[in-house]
Amino acid sequence: MNDVLLGIMIPFLGTTLGAGCVFFLRGKLNLSIERGLTGFAAGIMVAASFFSLLIPALNETTDMGKWGFVPPVIGFGIGMGVLLLLDHLIPHLHMHADKAEGPKSHLAKTTMLVLAVTLHNIPEGMATGVVYAGFLSGHAGITLAAASSLAIGIAIQNFPEGAIISMPLKSAGMGQWKAFAGGVLSGIVEPIGAVATILLTDFVVPLMPYFLSFAAGAMMYVVVEELIPEMSAGEHSHVGVISFAIGFMLMMSLDVALG
(Lines give C-alpha, C1' and ligand atoms only; values in the text may rest on other atoms or scores of the structure.)
Protein backbone atom coordinates (compact mmCIF):
# COMPACT_ATOMS: atom_id res chain seq x y z
CA MET A 1 0.00 0.00 0.00
CA ASN A 2 2.93 2.34 0.68
CA ASP A 3 4.02 1.91 -2.94
CA VAL A 4 0.56 2.98 -4.09
CA LEU A 5 0.48 6.05 -1.83
CA LEU A 6 3.93 7.05 -3.08
CA GLY A 7 2.85 6.44 -6.67
CA ILE A 8 -0.20 8.68 -6.55
CA MET A 9 1.90 11.48 -5.02
CA ILE A 10 4.63 11.34 -7.70
CA PRO A 11 2.67 13.41 -10.28
CA PHE A 12 1.87 16.04 -7.64
CA LEU A 13 5.56 16.21 -6.76
CA GLY A 14 6.32 16.97 -10.41
CA THR A 15 3.90 19.91 -10.36
CA THR A 16 5.34 21.19 -7.08
CA LEU A 17 8.93 21.08 -8.32
CA GLY A 18 7.93 22.84 -11.53
CA ALA A 19 6.09 25.56 -9.61
CA GLY A 20 9.30 26.02 -7.58
CA CYS A 21 10.98 27.45 -10.69
CA VAL A 22 9.38 30.74 -9.69
CA PHE A 23 12.11 31.10 -7.05
CA PHE A 24 14.96 30.65 -9.52
CA LEU A 25 13.81 32.20 -12.80
CA ARG A 26 13.19 35.88 -13.40
CA GLY A 27 10.64 37.49 -15.66
CA LYS A 28 8.45 35.65 -18.14
CA LEU A 29 9.34 32.37 -19.76
CA ASN A 30 10.79 32.79 -23.24
CA LEU A 31 8.13 31.95 -25.85
CA SER A 32 10.30 29.26 -27.44
CA ILE A 33 10.91 27.65 -24.05
CA GLU A 34 7.21 27.79 -23.27
CA ARG A 35 6.40 26.16 -26.62
CA GLY A 36 8.99 23.50 -25.99
CA LEU A 37 7.68 22.69 -22.53
CA THR A 38 4.08 22.58 -23.77
CA GLY A 39 4.99 20.33 -26.71
CA PHE A 40 6.95 18.05 -24.40
CA ALA A 41 3.96 17.73 -22.06
CA ALA A 42 1.67 17.01 -25.02
CA GLY A 43 3.97 14.26 -26.29
CA ILE A 44 4.02 12.52 -22.92
CA MET A 45 0.23 12.73 -22.57
CA VAL A 46 -0.39 11.28 -26.04
CA ALA A 47 2.04 8.40 -25.45
CA ALA A 48 0.57 7.74 -21.99
CA SER A 49 -2.93 7.69 -23.47
CA PHE A 50 -1.96 5.01 -25.99
CA PHE A 51 0.62 2.84 -24.23
CA SER A 52 -0.54 3.11 -20.61
CA LEU A 53 -4.30 3.37 -21.08
CA LEU A 54 -5.76 2.42 -24.48
CA ILE A 55 -3.59 -0.64 -25.16
CA PRO A 56 -4.29 -2.10 -21.67
CA ALA A 57 -7.99 -1.34 -22.22
CA LEU A 58 -7.94 -3.28 -25.49
CA ASN A 59 -6.04 -6.12 -23.82
CA GLU A 60 -8.86 -6.36 -21.28
CA THR A 61 -11.42 -6.98 -24.02
CA THR A 62 -9.70 -9.74 -26.03
CA ASP A 63 -12.40 -12.22 -24.98
CA MET A 64 -14.94 -10.14 -26.93
CA GLY A 65 -13.26 -11.00 -30.23
CA LYS A 66 -13.87 -8.55 -33.05
CA TRP A 67 -16.16 -6.49 -30.78
CA GLY A 68 -13.34 -5.85 -28.32
CA PHE A 69 -13.04 -2.27 -29.55
CA VAL A 70 -16.49 -1.33 -28.22
CA PRO A 71 -15.72 -0.65 -24.50
CA PRO A 72 -12.57 1.40 -25.27
CA VAL A 73 -14.40 3.41 -27.94
CA ILE A 74 -17.29 4.14 -25.58
CA GLY A 75 -14.98 5.06 -22.70
CA PHE A 76 -12.81 7.27 -24.91
CA GLY A 77 -15.84 9.13 -26.26
CA ILE A 78 -17.29 9.68 -22.79
CA GLY A 79 -13.91 10.96 -21.54
CA MET A 80 -13.75 13.51 -24.34
CA GLY A 81 -17.39 14.49 -23.71
CA VAL A 82 -16.97 14.99 -19.96
CA LEU A 83 -13.96 17.28 -20.43
CA LEU A 84 -15.86 19.21 -23.10
CA LEU A 85 -18.72 19.66 -20.61
CA LEU A 86 -16.37 20.81 -17.84
CA ASP A 87 -14.79 23.22 -20.33
CA HIS A 88 -18.19 24.87 -20.70
CA LEU A 89 -19.13 24.78 -17.01
CA ILE A 90 -15.92 26.05 -15.37
CA PRO A 91 -14.70 29.61 -16.03
CA HIS A 92 -11.04 29.46 -17.02
CA LEU A 93 -8.43 31.28 -19.07
CA HIS A 94 -5.85 29.60 -21.28
CA MET A 95 -2.32 30.92 -21.56
CA HIS A 96 -1.98 33.81 -24.06
CA ALA A 97 -5.77 33.95 -24.52
CA ASP A 98 -7.49 37.34 -24.31
CA LYS A 99 -10.93 35.99 -23.48
CA ALA A 100 -11.93 33.54 -20.76
CA GLU A 101 -13.88 30.38 -21.58
CA GLY A 102 -16.88 28.92 -19.78
CA PRO A 103 -19.62 30.92 -18.03
CA LYS A 104 -19.17 34.63 -17.38
CA SER A 105 -17.30 35.24 -14.17
CA HIS A 106 -15.82 38.05 -12.12
CA LEU A 107 -12.89 35.90 -11.05
CA ALA A 108 -9.42 37.40 -11.32
CA LYS A 109 -7.37 36.55 -14.41
CA THR A 110 -4.79 34.75 -12.27
CA THR A 111 -7.50 32.60 -10.66
CA MET A 112 -8.84 31.57 -14.05
CA LEU A 113 -5.32 30.70 -15.23
CA VAL A 114 -5.01 28.32 -12.27
CA LEU A 115 -8.47 26.88 -13.01
CA ALA A 116 -7.46 26.17 -16.62
CA VAL A 117 -4.52 24.03 -15.50
CA THR A 118 -6.54 22.46 -12.69
CA LEU A 119 -9.20 21.45 -15.22
CA HIS A 120 -6.77 19.49 -17.35
CA ASN A 121 -5.10 17.90 -14.33
CA ILE A 122 -8.35 16.08 -13.47
CA PRO A 123 -7.94 13.32 -16.10
CA GLU A 124 -4.31 12.81 -15.12
CA GLY A 125 -5.36 12.15 -11.52
CA MET A 126 -8.04 9.75 -12.71
CA ALA A 127 -5.58 7.95 -14.99
CA THR A 128 -3.18 7.42 -12.08
CA GLY A 129 -5.99 6.21 -9.84
CA VAL A 130 -7.38 3.81 -12.45
CA VAL A 131 -4.07 2.02 -13.06
CA TYR A 132 -3.33 1.72 -9.33
CA ALA A 133 -6.88 0.45 -8.73
CA GLY A 134 -6.17 -2.18 -11.38
CA PHE A 135 -2.94 -3.14 -9.67
CA LEU A 136 -4.57 -3.36 -6.23
CA SER A 137 -7.34 -5.57 -7.58
CA GLY A 138 -4.76 -8.18 -8.52
CA HIS A 139 -6.62 -9.38 -11.58
CA ALA A 140 -6.75 -6.47 -14.03
CA GLY A 141 -3.48 -7.32 -15.77
CA ILE A 142 -1.75 -4.17 -14.50
CA THR A 143 1.57 -4.46 -12.67
CA LEU A 144 3.04 -2.08 -10.11
CA ALA A 145 5.80 -1.25 -12.61
CA ALA A 146 3.25 -0.34 -15.28
CA ALA A 147 1.32 1.88 -12.87
CA SER A 148 4.55 3.50 -11.69
CA SER A 149 5.67 4.21 -15.25
CA LEU A 150 2.47 6.17 -15.87
CA ALA A 151 2.87 8.09 -12.60
CA ILE A 152 6.49 8.95 -13.44
CA GLY A 153 5.55 10.00 -16.97
CA ILE A 154 2.80 12.30 -15.71
CA ALA A 155 5.18 13.73 -13.10
CA ILE A 156 7.74 14.54 -15.81
CA GLN A 157 5.18 16.40 -17.89
CA ASN A 158 3.78 18.10 -14.76
CA PHE A 159 7.14 19.74 -14.11
CA PRO A 160 6.91 22.14 -17.06
CA GLU A 161 3.21 22.64 -16.36
CA GLY A 162 4.02 23.78 -12.82
CA ALA A 163 6.50 26.31 -14.21
CA ILE A 164 4.16 27.44 -16.97
CA ILE A 165 1.48 28.35 -14.43
CA SER A 166 3.62 29.81 -11.61
CA MET A 167 5.81 32.05 -13.79
CA PRO A 168 2.90 33.97 -15.40
CA LEU A 169 1.31 34.38 -11.96
CA LYS A 170 4.51 36.01 -10.77
CA SER A 171 4.67 38.18 -13.90
CA ALA A 172 1.06 39.26 -13.25
CA GLY A 173 2.15 40.81 -9.95
CA MET A 174 1.85 37.98 -7.45
CA GLY A 175 4.53 37.47 -4.84
CA GLN A 176 6.84 34.49 -5.27
CA TRP A 177 5.20 32.40 -2.56
CA LYS A 178 1.66 33.13 -3.80
CA ALA A 179 2.67 32.28 -7.37
CA PHE A 180 4.28 29.08 -6.11
CA ALA A 181 1.12 28.22 -4.16
CA GLY A 182 -1.00 28.82 -7.25
CA GLY A 183 1.14 26.42 -9.25
CA VAL A 184 1.02 23.80 -6.50
CA LEU A 185 -2.75 24.11 -6.00
CA SER A 186 -3.34 23.58 -9.72
CA GLY A 187 -2.01 20.05 -9.28
CA ILE A 188 -3.71 19.12 -6.00
CA VAL A 189 -6.66 17.61 -7.90
CA GLU A 190 -4.40 14.82 -9.15
CA PRO A 191 -3.81 12.96 -5.86
CA ILE A 192 -7.38 13.73 -4.80
CA GLY A 193 -8.75 12.27 -8.03
CA ALA A 194 -6.42 9.28 -7.78
CA VAL A 195 -7.47 8.48 -4.19
CA ALA A 196 -11.16 8.87 -5.04
CA THR A 197 -10.77 6.46 -7.95
CA ILE A 198 -8.86 3.92 -5.84
CA LEU A 199 -11.57 4.04 -3.15
CA LEU A 200 -14.00 2.94 -5.86
CA THR A 201 -11.82 -0.03 -6.87
CA ASP A 202 -14.64 -2.58 -6.47
CA PHE A 203 -16.71 -0.56 -8.92
CA VAL A 204 -13.86 0.42 -11.26
CA VAL A 205 -12.25 -2.99 -11.84
CA PRO A 206 -15.22 -4.73 -13.54
CA LEU A 207 -15.42 -1.73 -15.87
CA MET A 208 -11.65 -1.33 -16.27
CA PRO A 209 -11.63 -1.05 -20.11
CA TYR A 210 -14.14 1.80 -19.89
CA PHE A 211 -12.26 3.66 -17.16
CA LEU A 212 -8.85 3.26 -18.79
CA SER A 213 -10.14 4.57 -22.11
CA PHE A 214 -12.16 7.29 -20.34
CA ALA A 215 -8.94 8.63 -18.85
CA ALA A 216 -7.27 8.40 -22.26
CA GLY A 217 -10.09 10.35 -23.91
CA ALA A 218 -10.00 13.05 -21.25
CA MET A 219 -6.22 13.41 -21.60
CA MET A 220 -6.44 13.57 -25.38
CA TYR A 221 -9.05 16.31 -25.09
CA VAL A 222 -6.57 18.41 -23.12
CA VAL A 223 -3.85 17.79 -25.70
CA VAL A 224 -6.02 18.77 -28.68
CA GLU A 225 -7.93 21.59 -27.00
CA GLU A 226 -5.08 23.28 -25.16
CA LEU A 227 -1.55 21.97 -25.51
CA ILE A 228 -1.22 21.66 -29.30
CA PRO A 229 -2.70 25.13 -29.97
CA GLU A 230 -0.37 26.64 -27.35
CA MET A 231 2.74 24.96 -28.72
CA SER A 232 1.86 26.24 -32.21
CA ALA A 233 0.79 29.78 -31.29
CA GLY A 234 2.46 32.80 -32.84
CA GLU A 235 5.19 32.77 -35.46
CA HIS A 236 5.84 29.39 -37.05
CA SER A 237 8.39 27.27 -35.22
CA HIS A 238 9.38 23.60 -35.07
CA VAL A 239 10.27 23.78 -31.35
CA GLY A 240 6.89 22.45 -30.21
CA VAL A 241 6.90 19.57 -32.70
CA ILE A 242 10.44 18.48 -31.78
CA SER A 243 9.62 18.68 -28.06
CA PHE A 244 6.42 16.71 -28.67
CA ALA A 245 8.44 13.94 -30.32
CA ILE A 246 10.92 13.87 -27.42
CA GLY A 247 8.10 13.66 -24.86
CA PHE A 248 6.34 10.91 -26.81
CA MET A 249 9.50 8.83 -27.18
CA LEU A 250 10.39 9.27 -23.51
CA MET A 251 6.96 8.12 -22.30
CA MET A 252 6.92 5.22 -24.76
CA SER A 253 10.36 4.14 -23.50
CA LEU A 254 9.25 4.40 -19.86
CA ASP A 255 6.14 2.34 -20.47
CA VAL A 256 7.98 -0.43 -22.33
CA ALA A 257 11.00 -0.49 -20.00
CA LEU A 258 9.03 -0.39 -16.74
CA GLY A 259 5.72 -1.90 -17.83
Report the Cα-based extents of segment 58-177 along its three principal axes, largest first, to the nearest Å. 56, 29, 20
How large is log10 of I(q)/I(0) for segment 25-79 at q = 0.26 Å⁻¹ when the intensity is taken from the Debye formula with one equal scatterer per alpha-carbon? -0.98
Between L185 and S105, what FRET efficiency follows from the Cβ-Cβ distance if R0 is 22 Å, with the result rounded to 0.05? 0.80
How big is the charge dipole of the chain about its Cα centre, in debye rounded to the nearest 20, if each Lys and Arg gets +1 on its Cβ and each Asp and Glu gets -1 on its Cβ? 620 debye
For segment 104-164, rounded, prolate or oblate, judged on the Cα gyration tensor with a ≥ b ≥ c (square roots of eigenvalues), a/c < 1.5 rounded, else prolate if a/b > b/c? oblate
Would you list, by chain and number, the lysines whose Cα falls below 17 Å from the Cα of K170, excluding same-chain residues fewer than 8 positions away? K28, K109, K178
Who wins for biggest fluctuation among A41, A245, A179 in a Gaussian network model of the chain, springs between alpha carbons below 10 Å? A245
Relative contact order (%) - criterion: Cα under 8 Å, at least six apart; region: the chain: 44 percent
Give, as a single signed number, the net charge of other residues whose beta carbon lies under 11 Å from the beta carbon of G14, with Lys and Arg counted +1 and Asp and Glu -1. -3
In the chain, taking the dipole from +1 charges on Lys and Arg beta carbons and -1 charges on Asp and Glu beta carbons about the Cα centre, the listed residue (L85, A218, T118) farthest towards the positive end is T118
Within the chain, what's the longest stretch lacking trypsin sites (Lys or Arg not before Pro) that sit in DSSP loops with no more than 10 other Cβ atoms inside 10 Å? 105-259
Using the Kyte-Doolittle scale, find the helices of the chain whose mean hydropathy is at least 0.5 and whose Cα atoms extend 27 Å or more along the helix's long axis, counting only whole DSSP H runs. 70-89, 109-137, 144-171, 239-258
222 nm mean residue ellipticity, helices alone, for the chain (DSSP H n ≥ 4; -39,500 (n - 2.57); rounded to 500): -23000 deg cm²/dmol
Which of the listed residues, S148, T62, F76, is farthest toward the dipole's positive end in segment 52-152, when Lys, Arg count +1 and Asp, Glu count -1 at the beta-carbon? F76
Theoretical gain in end-to-end length, L85 to M249 [0.36 nm per residue, Cα-Cα removed]: 55.9 nm
Using a 1.4 angstrom probe, figure out how much accessible area the chain has per residue, in square angstrom, rounded to the nearest whole. 46 Å²
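The values are calculated or read from the model by the stated rules, or taken from the named source; none is laboratory data. The structure displayed is predicted, hence computed values, not measured ones. Here Cβ is always computed from backbone atoms with ideal geometry, including for glycine, and neighbour counts include all displayed protein chains. Keep in mind that these areas ignore ligands, DNA and RNA; they rest on the heavy atoms of the full protein, side chains included. Shrake-Rupley method; radii C 1.70, N 1.55, O 1.52, S 1.80 Å.
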